[in-house]
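Q: Before anything else, here's the structure in question.
The values are calculated or read from the model by the stated rules, or taken from the named source; none is laboratory data. Nothing here was measured: the structure is a model prediction, and the numbers come from that model. Glycine also receives a Cβ, built like all others from the backbone with ideal geometry; neighbour counts cover every protein chain displayed.
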Amino acid sequence: MLSSEPTLAVFASGRGSNFEALVLAARRGEFPGRIVALLSDQPGSPAVERARTLGIEAVCPPCGPFRTRLEDEGSWIEALRARGVEAVLLAGFMRRLHQPLLDAFRDRILNLHPSLLPAFPGLDAIRRAWEHGVRVTGCTVHLVDDQLDHGPILAQSVVDVHDEDTLETLEARIHEVEHRLYPRAVRRFCTEPWRREGRRLVFPGAREGAARG
């Protein structure tokens, strides 16, 4: 169980818009605790620049030669522990996590994915959903496990796909919903007791659908 005011870190690789949304939500008191660091595998990314603008420490531990995973997660774990981090929020982090990090922060790593999982896991989820012709899509916050976009689902929001949509307009609407859903999901994760029942996360005593956007 997290503390009443947990210390959090965000992992991001790209633009960092969800990172910024989380920082601003925390500062507005929308969920407890504080975000103390951004960890990024891309030192020149817009996310790192956003962190500096927001006054959040940006840390870029070594990644190694691989494009989709970290060669050695030890330095990432050390960076988190040195800052007293209790939980990690992935926000557009483009590398898979493996057992060292997953064991160090078991059931304390969340990810935001831009589809209604289990549909369209992996890269380019919005484009793939749009090209597939779905009538609804959305976004999902889930616990991270050792499979791709697979862990138990914490919260989801639905986004309708309009006939007049382009890929760009659909992406923009999904990102707007992400910025609202992720802070609400973090709040619930940090403040409400939960248990696993198979693949489901159950919040005893909560109204059904309370985590939906």
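Q: Which of the residues belonging to the stretch 58-93 are charged (D, E, K, R) and surrounded by 15 or more Cβ atoms within 10 Å (Cβ to Cβ)? First the steps, then the outcome.
A: Filtering the stretch 58-93 down to residues charged (D, E, K, R) leaves 67, 69, 71-73, 78, 81, 83, 86.
Glu73, Arg83, Glu86 - these are the residues of the stretch 58-93 that are charged (D, E, K, R) and surrounded by 15 or more Cβ atoms within 10 Å (Cβ to Cβ).
Q: Can you pull out every residue in the stretch 72-129 that is touching a Pro at 6+ places or on another chain (Cβ under 7 Å) and of a type in the set (A, V, I, L, M)?
A: Correct list: Ile77, Ala79, Ala87, Ala125, Ile126.
Q: Within the group Ala82, Ala129, Ala104, which residue is touching a residue at least 24 places away in the same chain (Cβ under 8 Å), hydrophobic (A, V, I, L, M, F, W, C) and under 29 Å from Arg34 (Cβ atoms)? Please lay out each step first, then the result.
A: Details: Ala82 fails: touching a residue at least 24 places away in the same chain (Cβ under 8 Å); Ala129 fails: under 29 Å from Arg34 (Cβ atoms).
Unique residue meeting the criteria: Ala104.
So that you can scan it fast, the table gives a plain yes or no per residue for (1) among the basic types (Lys, Arg); (2) at negative phi; (3) touching a residue at least 12 places away in the same chain (Cβ under 8 Å):
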site	(1), (2), (3)
Thr7	no, yes, yes
Ala12	no, yes, yes
Glu20	no, yes, yes
Gly29	no, no, no
Arg34	yes, yes, yes
Ala37	no, yes, yes
Pro46	no, yes, yes
Arg50	yes, yes, yes
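Q: I've got another one for you. Need at least 1 residues that are among the small types (Gly, Ala, Ser) per element, so show me which strands (runs of 3 or more DSSP E) inside the stretch 105-213 make the cut, counting only ones lying wholly within it. First the steps, then the outcome.
A: On the way: elements: 109-113, 136-143, 153-160, 195-197, 200-202.
Per the criteria, 136-143, 153-160.
Q: While we're here: Taking Asp72 as the residue in question, decide whether it is at negative phi, of a type outside the set (A, V, I, L, M), in a loop (DSSP other than H, G, I, E, B) and under 17 Å from the mean Cα position of the chain (by Cα). Working first, answer last.
A: Working: at negative phi: yes; of a type outside the set (A, V, I, L, M): yes; in a loop (DSSP other than H, G, I, E, B): yes; under 17 Å from the mean Cα position of the chain (by Cα): no.
When the stated conditions are applied, Asp72 does not pass them.
Q: Take the stretch 47-71 and flag every residue that is in contact with a Pro (Cβ under 9 Å, 6 or more places away or on another chain) and closer than 16 Å to Gly14 by Cβ.
A: So in the stretch 47-71, the residues in contact with a Pro (Cβ under 9 Å, 6 or more places away or on another chain) come out as 58, 60, 70-71.
Within the stretch 47-71, Ala58, Cys60 meet the criteria.
Q: Kindly list, by first and then second residue, each pair from a residue in the stretch 56-69 that is without any contact (Cβ under 8 Å) to a residue 24 or more places away in the chain and at positive phi to a residue that is of a type outside the set (Lys, Arg) and surrounded by 10 or more Cβ atoms within 10 Å (Cβ to Cβ), limited to pairs with Cβ atoms under 6 Å and residues at least 6 apart or on different chains.
A: Gly64/Glu71
Conditions (1) acidic (Asp, Glu); (2) modelled with pLDDT of 95 or more, marked per residue:
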{"residue": "Val136", "(1), (2)": "no, yes"}
{"residue": "His142", "(1), (2)": "no, yes"}
{"residue": "His150", "(1), (2)": "no, no"}
{"residue": "Leu154", "(1), (2)": "no, yes"}
{"residue": "Val158", "(1), (2)": "no, yes"}
{"residue": "Glu164", "(1), (2)": "yes, yes"}
{"residue": "Glu168", "(1), (2)": "yes, yes"}
{"residue": "Ile174", "(1), (2)": "no, yes"}
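Q: Same structure again: Answer with yes or no whether Ile77 is assigned to a strand (DSSP E or B), of a type outside the set (Asp, Glu) and modelled with pLDDT of 95 or more. Don't jump to the end; show me each part of the working.
A: Details: assigned to a strand (DSSP E or B): no; of a type outside the set (Asp, Glu): yes; modelled with pLDDT of 95 or more: yes.
Judged against the criteria, Ile77 is not a match.
Q: Exactly one condition in (1) in contact with a Leu (Cβ under 8 Å, 6 or more places away or on another chain); (2) without any contact (Cβ under 8 Å) to a residue 24 or more places away in the chain is false for His142; which is it?
A: The single condition His142 does not satisfy is (2).
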